[in-house]
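Chemist: Pasting a structure below so you can have a look.
The values are calculated or read from the model by the stated rules, or taken from the named source; none is laboratory data. This one's a predicted model, so the numbers in the text were calculated from it and none came from an experiment. No Cβ is skipped: glycine too gets one built from the backbone with ideal geometry, and neighbour counts run over all protein chains shown. Quick note on the areas: whole protein, heavy atoms, side chains included, nothing else; ligands and nucleic acids left out. Shrake-Rupley method; radii C 1.70, N 1.55, O 1.52, S 1.80 Å.
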Amino acid sequence: MPDVNCLGCGTPIYLDEKTYDNYSGGVVCPECKTPQNVLIENGSLRGNTAQSGMYDQIQDILAWEIPPDILLDLGEAARDVTVASYKSCAVMCGRALQAALLDQNIPNKELDTMIDEAKNKGVLTEELYQQAKAARFFRNTGAHPMNPVLRNVTMFQAVLGLEVVKQIL
């Protein structure tokens, strides 16, 4: 079996036994969460490269104890910024925020109500509460084109939403 080590921290990455024969695709380091692509052919490691872009803007939180599904949503939001998909970024930030609140046992309701409940239960401080409200606003701007004035999400708003959700996580 070939050795697959994380390009970020050097930790061994253990794969499913079948994967060691022939595999081409992504793996994530269990220690530092660095995503990378590996190519294994006929039981030999032919390539191991770091994925660029997707996690660049959230590298500072990859080592935190964030559930993988939430981290993947935030990674997708970060990737959306790199390809100028600002509405998508805002929506994925809202999704990550909602998932984080669900992870804290806040009942699934409208995001605005969940944020209020999280503050009332002490899950969010006043500062984080205000940030969560801002992230929700950006999410709504990206997801709901009801108001023509709010139909566009700028790069600044997308990056700000991403930073806000990082702070909350």
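Chemist: Write out, first by first residue and then by second, each pair whose Cβ atoms fall under 7 Å of each other, whose residues are 6+ apart or on separate chains, and whose first residue, in segment 100-118, is farther than 18 Å from PHE137 by Cα while the second is exposed (fewer than 14 other Cβ atoms within 10 Å of the Cβ) and modelled with pLDDT of 95 or more.
Modeler: LEU102/ASN108
Chemist: Out of segment 81-112, which residues are among the charged types (D, E, K, R), open to solvent by 50 Å² or more (accessible area, probe 1.4 Å) and more than 13 Å from LEU162 (Cα to Cα)?
Modeler: Once the filter is applied, which keeps residues that are among the charged types (D, E, K, R), open to solvent by 50 Å² or more (accessible area, probe 1.4 Å) and more than 13 Å from LEU162 (Cα to Cα), segment 81-112 yields ASP103, LYS109, GLU110.
Chemist: Quick test for you: out of THR125, THR141, pick the one residue that is open to solvent by 70 Å² or more (accessible area, probe 1.4 Å), out of contact with any Phe, Trp or Tyr (no Cβ under 9 Å at 6 or more places or on another chain) and more than 16 Å from LEU74 (Cβ to Cβ).
Modeler: Going through THR125, THR141 in turn, the sole match is THR125.
Chemist: Inspect segment 36-44 for any residue being buried (at least 18 other Cβ atoms within 10 Å of the Cβ), among the hydrophobic types (A, V, I, L, M, F, W, C) and under 20 Å from PRO67 (Cβ atoms) and give the result as yes or no.
Modeler: no
Chemist: So, in segment 52-71, how many residues would count as being outside any helix (DSSP H, G or I) and either closer than 19 Å to PRO2 by Cβ or at pLDDT 80 or above (or both)?
Modeler: Selection size over segment 52-71: 2.
Chemist: Now a separate question. The conditions are (1) closer than 29 Å to PRO35 by Cβ; (2) more than 15 Å from the chain's Cα centre (by Cα), and MET146 fails exactly one of them. Which is it?
Modeler: Of the numbered conditions (1) closer than 29 Å to PRO35 by Cβ; (2) more than 15 Å from the chain's Cα centre (by Cα), the odd one out for MET146 is (1).
Chemist: I'm trying to understand the selection: among the residues of segment 149-163, which are polar (S, T, N, Q) and not in a helix (DSSP H, G or I)?
Modeler: Listed by number, the residues that qualify are ASN152, THR154.
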